[in-house]
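Since the structure comes first, as C-alpha cells, the remarks are kept for the end.
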Amino acid sequence: MADHNMNAAAYWSANLRYISISLFVWALVSYGFAILLRPMLAGISVGGTDLGFWFAQQGSIITFIAIIFIYAWKMNKLDKEYGVEE
Amino acid sequence: MSQFAINLIFVGASFALYIGIAIWARAGSTKEFYVAGGGVNPVTNGMATAADWMSAASFISMAGLIAAGGYANSTFLMGWTGGYVLLAMLLAPYLRKFGKFTVPDFIGDRFYSKGARLTAVVCLIIMSVTYVIGQMTGAGVAFSRFLEVSSATGIWIAAGVVFVYAVFGGMKGITYTQVAQYVVLIIAYTIPAVFISLQLTNNPIPMFGMFSTHVESGQPLLVKLDEIVRELGFQDYTADVSNKLNMVLFTLSLMIGTAGLPHVIIRFFTVPKVADARWSAGWTLVFIALLYLTAPAVASMARLNLLTTIYPAGPTADAINYAERPDWIKNWEQTGLIRWEDKNNDGRIQLYNETPAFAAKAEERGWAGNELTVNNDILVLANPEIANLPGWVVGLIAAGGIAAALSTAAGLLLAISSAISHDLIKNIINPQISEKGEMLAARISMAGAILLATYLGLNPPGFAAQVVALAFGIAAATLFPALMMGIFSKRVSGQGAIAGMLAGLVVTLLYIFTYLGWFFIPGTNMLPNTVDNWILGISPLSFGAVGAMINFVVAFAVSSVTAAPPKEIQELVESVRYPKGAGAAVDH
C-alpha cells in the first residue's frame, strides 16, 4: 500500500512536469512569438513578412499539434512504466 | 445543367448520406445515445470532433474576419486551436476515466452537490442555446443563397434533417454523420483554395502559397498585398497591434472557452480508453488544422483578388467601371451582401478606407467616399466564383457550408438534451426512472431542443453576432475552471466551486452587458463600447479570461474557509488521475 502510494505520487508529479513543460511551449509560441515578442523577431523574415506573423497565422497551430502528440506519447509510455495503462 | 440543379444534387446527396447513416446507426441504449457506446476509434472521433467544433463561423466567417483584420485577427486562428492543448492535458483524459455521460455529471459528483450540478446545467444550457442560434441562421443563409428558398424554409429543412439523425441515432448517429460532414466540408473548403493559390502563386498548397511569390508582380504575395492596402488608406495587412494586453486576453478567452465547451468535451467520452482520449485530441487538432492552416491563405488571397478586381491597373490607377464588373459581384449584389453606391457619379467602383488621414488623398483623386460595401461572410462562399471555377465546386461549397452548420448544431443539441434528460430528470427530479424511460426522455428533450433552436433561428433575438462571444465567455468563466480544479485540486470544496462558478458568470455577464446592453437590448448599455471606456483596454469579448481568473480566486478563497471535501470525494479525484483501476486509494 505505501509503495503503491509512492508510485502513484511519482506518476502524478511526472504528469504535472510534462504539463508544465508543454504549457510553457504553448504560451511561448502563441502569446510569446506571435504577440508579445513579435517586435523582437521582426528581423527574421519569412515569405515577405516576419516570423511573428507566421507564428500567429500558422506556426503556433503546427506547434500545438506537436505538443499534443508528444504529450500523448510520453503519457502513454508513463502509463506503462507505472503499470496504470488500461 | 443549371447552377441551381447542381447545388440541389450536391446538397440532396449529402442529406441522403446523413439520413442513411442515421438509419444504420440507431441508438439502442442510453449509453449509445449519450456516448455512442464508448467504442469510437480515436481517429474517427478526432474527425467527428473537428466537424462538431468547426461551425458555420469557422467555415463561412473566419476567413472573412482575417481578410478584413489581417494580423490583428490571427487571434481567432490561435484561440480556436490552442484550446485543444488545454483539453488534451487538463481535461479530456481524466473526464474519460471518470466515465460518465455529461459534463454536469462530473461537476455534480466531484463537488458532491445537486446545487453544483444545477449551476453547471444552467451554464451549459445558456451557452449551448446561444451558440445553436448561429448555426441555424447560418444554415438558413446557405440554403437561401444556393437553393433559392427563403431562409425560413431553409431552417425548417435543416431542422428536419437534424431531427432524423439526432433523435433516433443520439450520439451514435451524430458521430458517424459528423465524420461524413467533416469530409464534405474539408473538400469543399480546400478545392477552391488550391485553385486560387495556383492562379496567384503557382503553389498548389495554399498554406505555402500565401508565403510565396505573387506570379503577376514577382513580389512576395504579402508584400504586394501590404502595398495595395496601404495605397488605399487601409492599415498594412501584416501590421502589428498596439493593444497587446487585449490581444493576449482575447486569444486566452477563446482558448479557455474552447476547452470548456460541453459539446466538445463530451465527444471525448466516446473513446474506449484514457490513452485514446489523449490521441484523439491530437487527431482532432490535425483535422481542424487542415482547415485552419488554409483559412489565412484564403483570407489574404481573397483580399488581394478583390482589390485587384476593383483596381485592375493597380491601386494608383482608375477603379473598374461598374458596368464592367464581374458576374460574381452581380450575383452577390442580389443578396444585398455586396452593395455599391456611386457617390462621385463617375460610374466607377472606388473602394478605400475613409479615414481622416486619407481624406486629402481621396479628395485629390476625386473620390467622395467609399462606394463598395462587402460583407465579410461572402468571401469563402464566393471564392469559387471569384476564381472562375466550374459549377460543381459551387455546389460543393453549398453542401460544405450546410455540413459545417448542421454538425455543430447536432453536437450542441445533444449536449442540451443530455443535460436535461440525464442531469435534470435522472439525477435531480426522478432518480427512479428506468433505462427505457430515460431514453424516451432523452429523445423528447432532443426534439424539444430542436424546436427551440428552430424557433430562435427563425426569430433571432437581434444579438446573433455577439452570442458566440457570450458562449465563449461563459464557458471560460464557469465550466473550464470548475472542471480543472475538480481534477487538479483535492481541496476545492462544493461551496468553493459553486461560489467560483457564480462569481465568474456574474462578473463576466456584467462586463459584457455594461458595454453591449442589458441582455443585448440596444441602448441599454451603461458605457459606450469603445476602447477608451474599456477597463485597461480589455474588450467585453476578451473578458472570459478575466472571469476565469475570478472563478479560480473565489473558489480557492471560499474553499479555504469551508470544510475539505469528504474522504470518498478525495478518492474520486485520485481515481480520475490514473488511467487504470480506482486509483491509489484502492489497495490492489
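The values are calculated or read from the model by the stated rules, or taken from the named source; none is laboratory data. Everything numeric here is computed off the predicted structure, so don't read it as measured data. Please note: Cβ atoms are built from the backbone with ideal geometry, for glycine as well, and neighbour counts cover all protein chains shown.
Within the range B:360-414, the set of residues being part of a loop (DSSP other than H, G, I, E, B), among the polar types (S, T, N, Q) and farther than 23 Å from B:ILE9 by Cβ comprises B:ASN370, B:ASN375, B:ASN376. Applying the criterion of being within 18 Å of the chain's Cα centre (by Cα) and hydroxyl-bearing (Ser, Thr, Tyr) to the residues of the range B:386-440, the residue that is surrounded by the most Cβ atoms within 10 Å (Cβ to Cβ) is B:SER407. Only residues that are part of a loop (DSSP other than H, G, I, E, B) and under 24 Å from B:VAL264 (Cα atoms): list them for the range B:126-167, please. Residues satisfying the conditions do not exist here. Scanning the range B:4-30 for residues that are in contact (Cβ under 8 Å) with a residue 12 or more places away in the chain and not hydrophobic (A, V, I, L, M, F, W, C) yields B:ASN7, B:SER14, B:TYR18, B:ARG26, B:SER29, B:THR30.
I'd like to check something: does the range B:166-184 contain any residue that is on the phi > 0 side of the Ramachandran plot, more than 14 Å from chain A (Cβ to nearest Cβ) and in contact with a Phe, Trp or Tyr (Cβ under 6 Å, 6 or more places away or on another chain)? Yes: the range B:166-184 contains one or more residues that are on the phi > 0 side of the Ramachandran plot, more than 14 Å from chain A (Cβ to nearest Cβ) and in contact with a Phe, Trp or Tyr (Cβ under 6 Å, 6 or more places away or on another chain).
Here the condition is being out of contact with any Phe, Trp or Tyr (no Cβ under 7 Å at 6 or more places or on another chain) and not in a helix (DSSP H, G or I); of A:GLY32, A:GLY43, it holds for A:GLY43 alone. Report whether or not B:LEU536 is part of a helix (DSSP H, G or I), modelled with pLDDT under 95, in contact with a Leu (Cβ under 7 Å, 6 or more places away or on another chain) and not acidic (Asp, Glu). Answer is yes for this residue. Here the range B:260-282 is the region considered, the condition is being charged (D, E, K, R) and over 24 Å from B:ALA469 (Cα atoms), and the residue that is surrounded by the most Cβ atoms within 10 Å (Cβ to Cβ) is B:ARG278. B:ARG303 satisfies every condition listed in (1) basic (Lys, Arg); (2) in contact (Cβ under 8 Å) with a residue 24 or more places away in the chain; (3) farther than 30 Å from B:ILE107 by Cβ; (4) surrounded by fewer than 22 Cβ atoms within 10 Å (Cβ to Cβ) except (4). In the set B:ARG96, B:ARG110, only one residue is crowded, with 22+ Cβ neighbours inside 10 Å and touching a Gly at 6+ places or on another chain (Cβ under 7 Å); that residue is B:ARG110. Close contacts from the range B:188-206, counting a first residue that is closer than 17 Å to B:ILE397 by Cβ and a second that is part of a loop (DSSP other than H, G, I, E, B) and not aliphatic (A, V, I, L, M), with Cβ to Cβ under 8 Å and a gap of 6+ residues or different chains, come to B:TYR189/B:THR294; B:THR190/B:THR294; B:ALA193/B:THR294; B:VAL194/B:PRO204; B:SER197/B:ASN203; B:SER197/B:PRO204; B:PRO206/B:THR294.
Is one or more of the residues making up the range B:26-47 part of a helix (DSSP H, G or I) and closer than 18 Å to B:ALA188 by Cβ? Yes, that holds for at least one residue. Within the range B:434-463, the set of residues being of a type in the set (Phe, Trp, Tyr) and assigned to a helix (DSSP H, G or I) comprises just one member, B:TYR455. The lone criterion from (1) aliphatic (A, V, I, L, M); (2) surrounded by 18 or more Cβ atoms within 10 Å (Cβ to Cβ); (3) more than 27 Å from B:GLY411 (Cα to Cα) left unmet by B:ILE174 is number (3). A:THR63 meets all of the listed conditions (1) assigned to a helix (DSSP H, G or I); (2) exposed (fewer than 15 other Cβ atoms within 10 Å of the Cβ); (3) free of Cβ contacts under 8 Å to residues at least 60 places away in the same chain but one, namely (2). In the set B:LEU90, B:LEU77, only one residue is in contact (Cβ under 8 Å) with a residue 40 or more places away in the chain and surrounded by fewer than 22 Cβ atoms within 10 Å (Cβ to Cβ); that residue is B:LEU90. For the range B:153-162, state whether one or more residues are closer than 30 Å to B:ALA548 by Cα, at pLDDT 85 or above and crowded, with 24+ Cβ neighbours inside 10 Å. No, because not a single residue in the range B:153-162 is closer than 30 Å to B:ALA548 by Cα, at pLDDT 85 or above and crowded, with 24+ Cβ neighbours inside 10 Å.
Where helices (runs of 4 or more DSSP H) sit wholly within the range B:220-305, those with at least 3 residues that are within 9 Å of another protein chain (Cβ to nearest Cβ) occupy B:221-231, B:244-259, B:274-292.
On the basis of being surrounded by fewer than 18 Cβ atoms within 10 Å (Cβ to Cβ) and either within 30 Å of B:THR355 (Cα to Cα) or among the β-branched types (Val, Ile, Thr) (or both), does B:GLU148 make the cut? Against the criterion (surrounded by fewer than 18 Cβ atoms within 10 Å (Cβ to Cβ) and either within 30 Å of B:THR355 (Cα to Cα) or among the β-branched types (Val, Ile, Thr) (or both)), B:GLU148 does not qualify.
Only one of the listed residues (B:LEU293, B:LEU285) is crowded, with 24+ Cβ neighbours inside 10 Å and under 30 Å from B:PRO93 (Cα atoms). That residue is B:LEU285.
Take the conditions of a type in the set (Val, Ile, Thr), crowded, with 19+ Cβ neighbours inside 10 Å and over 20 Å from B:PHE168 (Cα atoms) and apply them to B:VAL35. Does it pass? When the stated conditions are applied, B:VAL35 does not pass them. Restricting the range A:1-54 to residues that are of a type in the set (Val, Ile, Thr) and either within 23 Å of the chain's Cα centre (by Cα) or more than 10 Å from every other protein chain (Cβ to nearest Cβ) (or both), the residue that is surrounded by the fewest Cβ atoms within 10 Å (Cβ to Cβ) is A:ILE44.
Of everything in the range B:192-211 that is assigned to a loop (DSSP other than H, G, I, E, B) and more than 13 Å from B:LEU304 (Cβ to Cβ), the residue that is nearest to the other protein chains (Cβ to nearest Cβ) is B:PHE211. Set side by side, the residues B:ASP377, B:ASP423 differ, and just one is in contact with a Gly (Cβ under 9 Å, 6 or more places away or on another chain) and farther than 23 Å from B:LYS114 by Cα, which is B:ASP377. If the condition is being under 18 Å from the mean Cα position of the chain (by Cα), of a type in the set (A, V, I, L, M) and farther than 20 Å from A:THR63 by Cα, then the range B:257-294 contributes B:LEU261, B:VAL264, B:ILE265, B:ILE266.
The condition of being in contact (Cβ under 8 Å) with a residue 60 or more places away in the chain, within 21 Å of B:ARG96 (Cα to Cα), among the aromatic types (Phe, Trp, Tyr) and not in a loop (DSSP other than H, G, I, E, B) does not hold for A:TYR71.
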